[in-house]
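One structure is given here, and the rest of the page talks about it.
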Amino acid sequence: MNMRALLMSENFHKAMIFLGVIGSFITIIMGWGGMDFLVRTVVKKMLRLVPGSITWNMWKTIPIPVYLKFNIFNITNPEEMSQGAKPRVNEMGPYVYIIDYDKHNFVPNEDDDTYVYQDSKTYFFVPEMSNGREDDMVTYINLIFVGVSHVAHDFTDVDFILETLDTMLAEKGEKLYRTDKVKDLFFDGVSIQSYIELLEDPLVQQAGDIDLPEDFKDGKFALFKGKNGTLDAWWEVHTGIRDHREFGQLVAWQNKSKLTFHKADSCNSINGSDGTLNPPFVEPGISDLFIFIPELCRSVKWQYDHETVAHGIPVSRFQFPDINTPAEDPDLWCFCPHDDLGKCDIHGIASLAACYQGVPIMFSKPHFLDVDTTVRKQIDGVNPDQKKHGGFIDIHALTGVTVQASVTMQLSIELVNWPAMPSFANASRAFVPFAWIQQEATLDALNMFLIRMQSTFLGLWPFLRWLNLFGCLGLVGIGGLLVYNGRKGSRTIDIAEEENKEGDVDQELNVWIKKFVK
């Protein structure tokens, strides 16, 4: 049978009807609930931490580039600041580092559906992306000296002791400011030998046992000291195998299910993820996004902002929330390290003293963005910009994948004009910024392409399902019409053949009659 005959056959037309009916049935199922079920099932299957899977490998090493950018506030009038002038700063940087992530020492916990592991980060300087070199010299607020002044006033209010402490440190060269290399400040360490010698002084030892924080005992201080290329914290995370809603959610940090820094369990809770994984099926404006940030010693609830498009992908944008006071949000009382909550009354800035050995390090958004204006008036040279300094995370709602993120925070310390300490007596009270840090990441091109194609298809699916349904119904109609026409044509041919047969008989009869007559 040739192709034309096959296409004109009734069996082929019946096959068209059959396929159209089946296609219509499948389209109705998939178009009105089935596709959503299928997609959600595939997403749940993909987003699980199973060793050897694509998700596992991406989570383990984080193949996309993650950048850490340091911006330092260089004090341009250090001597004048010491004599009471308003601190004047200019921003140096950014000094950009790319982070090489890895995870080690995996221990499965099948009973709780979790994995325990240890992470490591290695930082590599990226000169072509940086505005400066690692050996740049920077003049900054002396965090240790200022911190010691606060701790000393918490320890005693005897003026003679405070003045003696200040004099001993001043004789060792300590001032309200210091100048060091950028790399030493962040990684290699700057000398704090003065404080070790102070604690070894017999006069100080008579005051009792004063322990230097473990990180300082080698005589060095750096913001990321001991965290470059070394094994760091222990984490425990849900795999999402049993419950997709728990995917990537933290169970413990440093083998503890709760922190011990703050006054109550509500502030010590470890909520959310470490920022690399999020559960799928985010409901914009409804789903909470918590990220645990060890440097802030707390879990931060990011604030849903709006729906937008990033790199051609529809995303839900979450922003770093306002930093409220206990008066504005009573649930935050336990983050205040003071018994008097009135000492934590400045909007936009919060203390980290509880987790930094009592040193009154403060955190805020960069350049005191969204901080009470009285704080910004204490400093010359800060210029807050929402687009530049406001942190955000863009999440693809269906998969929970972070498409792009920019997490920012600023570290500052409060300079107080302590009357009993000569080095501080003439200074103006101010929150002096030290540095602001930005961590940026963008999803790799391949995964962005796959998510973009998925989003495009699902966006067109409401139209495609109707198009497919009409196409299938049209196939049924055309097939039925061809069968009908085929059968009608067949009956016409049969009638014509009968008439032809009758005509042949009449013709033969006439011939026979003529022969008989002759």
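With respect to (1) surrounded by fewer than 18 Cβ atoms within 10 Å (Cβ to Cβ); (2) modelled with pLDDT of 95 or more; (3) under 18 Å from Asn228 (Cβ atoms), the lone exception for Tyr101 is condition (2).
Okay, residues lined up against (1) modelled with pLDDT of 85 or more; (2) in contact with a strand residue (DSSP E or B) (Cβ under 7 Å, 6 or more places away or on another chain); (3) not in a helix (DSSP H, G or I):
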{"site": "Gln439", "(1), (2), (3)": "yes, yes, yes"}
{"site": "Met448", "(1), (2), (3)": "yes, yes, no"}
{"site": "Thr456", "(1), (2), (3)": "yes, no, no"}
{"site": "Leu467", "(1), (2), (3)": "yes, no, no"}
{"site": "Phe470", "(1), (2), (3)": "yes, no, no"}
{"site": "Val483", "(1), (2), (3)": "no, no, no"}
{"site": "Gly486", "(1), (2), (3)": "no, no, no"}
{"site": "Gly489", "(1), (2), (3)": "no, no, no"}
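Of all residues in the stretch 257-274, those satisfying the criterion of being in contact (Cβ under 8 Å) with a residue 12 or more places away in the chain and open to solvent by 40 Å² or more (accessible area, probe 1.4 Å) are Ser257, Lys258, Phe261, Lys263, Ser266, Asn271, Asp274. Among the residues of the stretch 130-145, is there at least one that is touching a residue at least 40 places away in the same chain (Cβ under 8 Å), open to solvent by 20 Å² or more (accessible area, probe 1.4 Å) and farther than 29 Å from Asn77 by Cβ? No; the residues of the stretch 130-145 include none that is touching a residue at least 40 places away in the same chain (Cβ under 8 Å), open to solvent by 20 Å² or more (accessible area, probe 1.4 Å) and farther than 29 Å from Asn77 by Cβ.
Selection of the stretch 222-258 for residues being among the small types (Gly, Ala, Ser), out of contact with any helix residue (DSSP H, G or I) (no Cβ under 9 Å at 6 or more places or on another chain) and at positive phi yields only Gly229.
Annotation for the stretch 411-421: at least one member residue is under 25 Å from Met129 (Cβ atoms), part of a strand (DSSP E or B), at pLDDT 95 or above and not hydroxyl-bearing (Ser, Thr, Tyr). Where strands (runs of 3 or more DSSP E) fall wholly inside the stretch 292-405, the ranges with 1 or more residues that are open to solvent by 50 Å² or more (accessible area, probe 1.4 Å) are 298-310, 313-319. Report whether or not Thr27 is surrounded by 18 or more Cβ atoms within 10 Å (Cβ to Cβ) and hydroxyl-bearing (Ser, Thr, Tyr). Yes: the conditions hold for Thr27. The residue of the stretch 222-251 that is most open to solvent (accessible area, probe 1.4 Å), among those that are in contact (Cβ under 8 Å) with a residue 40 or more places away in the chain, out of contact with any Leu (no Cβ under 9 Å at 6 or more places or on another chain) and more than 23 Å from Asp100 (Cα to Cα), is Arg242. Condition test on His153, is it in contact (Cβ under 8 Å) with a residue 60 or more places away in the chain, part of a helix (DSSP H, G or I) and surrounded by fewer than 19 Cβ atoms within 10 Å (Cβ to Cβ)? Judged against the criteria, His153 is a match.
Checked across the stretch 77-95, the condition of being surrounded by fewer than 16 Cβ atoms within 10 Å (Cβ to Cβ), in contact with a Pro (Cβ under 9 Å, 6 or more places away or on another chain) and not charged (D, E, K, R) holds for no residue. Applying the criterion of at least 2 residues that are β-branched (Val, Ile, Thr) to the helices (runs of 4 or more DSSP H) found wholly in the stretch 1-100 leaves 10-29, 35-46, 54-61. For the criterion of being free of Cβ contacts under 8 Å to residues at least 60 places away in the same chain, farther than 18 Å from Phe70 by Cα and of a type in the set (A, V, I, L, M), Val401 fails.
Within the stretch 1-16, residues that are farther than 15 Å from Cys472 by Cα sit with their Cβ atoms under 6 Å from residues that are at pLDDT 65 or above and among the β-branched types (Val, Ile, Thr), at 6+ positions apart or across chains, in these pairs: Glu10/Val483. Of all residues in the stretch 261-277, at least one satisfies being in a loop (DSSP other than H, G, I, E, B) and among the polar types (S, T, N, Q).
The values are calculated or read from the model by the stated rules, or taken from the named source; none is laboratory data. On a predicted model such as this, the values are computed, not experimentally measured, just so you know. For neighbour counting, all protein chains shown are included, and Cβ atoms are generated from backbone atoms with ideal geometry for every residue, glycine included. Please note that ligands, DNA and RNA were not included when accessible areas were found on the heavy atoms of the full protein model with its side chains. Shrake-Rupley method; radii C 1.70, N 1.55, O 1.52, S 1.80 Å.
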